[in-house]
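What follows is a single structure, written as structure tokens, with notes after it.
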Amino acid sequence: MLSKFLKHIFGSFGRWFLNWLASSDVTPNQITCIGLILVLINCGFYLVYRDTFWLGVGLALSFTFDSLDGVIARRQGTQSKFGGYLDAVVDRYQELAAYLVIAWVNDLWPVVFFVVTGSLLTSYNKARTAIEILVDNKGWPDLLERPQRVWILCTALILDSVIPVPAAFGGRLLIVALVALAVLTHFTAAQRFFRARRKLLAASAESS
């Protein structure tokens, strides 16, 4: 799906870039690590220049590049369990870096705390369930997973200085987006908790 999206948006360049990556010596795990480095570089620039627009653009490009690891792994036939694990771990570090630098620069620690905890619990509530029973990733159709979270964040950063927001709602689009993410991530974590409870109780009943 991602390769089709790139072909549609970027045309011949997208095809050339995907083909070049797939035929190069760059491994999917290296793409994962490069994606993390790109996110950290963007966060570093934001600490210095404090421009939400360019942070949003930089993060959007970095997250998009990072998402290519799975595409390249399938094209190269180099999928591995460790690669999937590494990708999941790096994804968490990327999100943490982005949220923490926003909290530091804008002094938004309370709302970012709830966004981060909601995001981590969303991941943990499924991962911990997988230790107890077999989990089908496609069987967890929850409200707000990582792709939706990062694109809401990037969109809010890019449009933060463009769309006016009344002072009653925080005065900034970024604040509105973070509050929405804080609420929705915890809602999603609750969705996964109750789904996990249902599945675990059913598994216990079957084994007894």
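Determine, yes or no, whether Thr78 is surrounded by fewer than 19 Cβ atoms within 10 Å (Cβ to Cβ), closer than 25 Å to Ile41 by Cα and among the polar types (S, T, N, Q).
Details: surrounded by fewer than 19 Cβ atoms within 10 Å (Cβ to Cβ): yes; closer than 25 Å to Ile41 by Cα: no; among the polar types (S, T, N, Q): yes.
Answer is no for this residue.
All but one of (1) of a type outside the set (Gly, Ala, Ser); (2) surrounded by 14 or more Cβ atoms within 10 Å (Cβ to Cβ); (3) within 14 Å of the chain's Cα centre (by Cα) hold for Trp104; state the number of the condition that does not hold.
If we test Trp104 against (1) of a type outside the set (Gly, Ala, Ser); (2) surrounded by 14 or more Cβ atoms within 10 Å (Cβ to Cβ); (3) within 14 Å of the chain's Cα centre (by Cα), just (3) comes out false.
Of the residues Val89, Val48, Val115, only one is under 16 Å from the mean Cα position of the chain (by Cα) and surrounded by fewer than 16 Cβ atoms within 10 Å (Cβ to Cβ); which? Spell out how you get there, then give the answer.
Values: Val48 fails: under 16 Å from the mean Cα position of the chain (by Cα); Val115 fails: surrounded by fewer than 16 Cβ atoms within 10 Å (Cβ to Cβ).
None of the others qualify; the one that does is Val89.
Which residue out of Asn42, Asn19 is under 22 Å from Arg149 (Cβ atoms) and assigned to a helix (DSSP H, G or I)? Quick ask: steps written out before the conclusion?
Working: Asn19 fails: under 22 Å from Arg149 (Cβ atoms).
After ruling out the rest, the residue left standing is Asn42.
If I ask for residues that are hydrophobic (A, V, I, L, M, F, W, C) and not in a helix (DSSP H, G or I), which ones from the range 132-188 would you list?
Initially, the range 132-188 is screened for residues hydrophobic (A, V, I, L, M, F, W, C), giving 133-135, 140, 143-144, 150-154, 156-159, 162-163, 165, 167-169, 173-184, 187.
Selection gives Ile133, Leu134, Val135, Trp140, Leu143, Leu144, Val162, Ile163, Val165.
Among the residues of the range 139-154, is any free of Cβ contacts under 8 Å to residues at least 24 places away in the same chain and farther than 28 Å from Arg198 by Cβ?
no
Could you please find all residues in the range 149-203 being hydroxyl-bearing (Ser, Thr, Tyr) and surrounded by 16 or more Cβ atoms within 10 Å (Cβ to Cβ)? Walk me through it before giving the result.
Step one: list which residues in the range 149-203 are hydroxyl-bearing (Ser, Thr, Tyr), which gives 155, 161, 185, 188.
Within the range 149-203, Thr185, Thr188 qualify.
Every read-out reported here was derived from the displayed coordinates using simple, explicitly stated rules and does not represent laboratory data. These numbers come from a predicted model, not from an experiment. Methodologically, a virtual Cβ is constructed for each residue, glycine included, from the backbone with ideal geometry; neighbour enumeration extends over all protein chains shown.
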